[in-house]
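Quick notes on the structure that follows.
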Amino acid sequence: MVTGRSWLVGLGFRTPCGRLVRHFYVVDGMARPEQAQEAALERASDPGERAVRGNLRLDDGCIEMRRMSRDLLGAWRLSVPSPCTA
């Protein structure tokens, strides 16, 4: 379930040939972006999640944070990306 305190957190991973691939995690119930970022990083480090990703290594670059919300008609909206955090 997605609530008013939902975040879309984009993490970058490097392929063996050096290409950047972004994986996005929906994190619900976190009031602050720092909490959502920490929760997404925990999910990304889960052994099962790492195996699904082919054990790609996390890139230390930008982590994209966006707040998720719904307008009055129920359409999803994303905030503008936050400044780069790492």
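Residues of the stretch 6-19 that are loosely packed, with under 12 Cβ neighbours inside 10 Å and out of contact with any Leu (no Cβ under 9 Å at 6 or more places or on another chain): CYS17, GLY18, ARG19.
If you check ARG22, ARG67, ARG32, ARG50 for being of a type in the set (D, E, K, R) and surrounded by 16 or more Cβ atoms within 10 Å (Cβ to Cβ), only one passes: ARG67. The residues of the stretch 2-49 that are over 9 Å from the mean Cα position of the chain (by Cα) and within 17 Å of ARG77 (Cβ to Cβ), listed by number, are VAL2, THR3, GLY4, ARG5, SER6, ASP28, PRO33. Only residues that are without any contact (Cβ under 8 Å) to a residue 60 or more places away in the chain and under 12 Å from ARG67 (Cβ atoms) were counted in the stretch 7-56, giving 9. The test for being of a type in the set (Lys, Arg), at pLDDT 90 or above, assigned to a helix (DSSP H, G or I) and out of contact with any Cys (no Cβ under 9 Å at 6 or more places or on another chain) holds for ARG50.
The values are calculated or read from the model by the stated rules, or taken from the named source; none is laboratory data. All values reported here derive from a predicted model rather than from experimental measurement. Don't worry about glycine lacking a Cβ; one is built from the backbone with ideal geometry, like all the others, and counts go over all protein chains shown.
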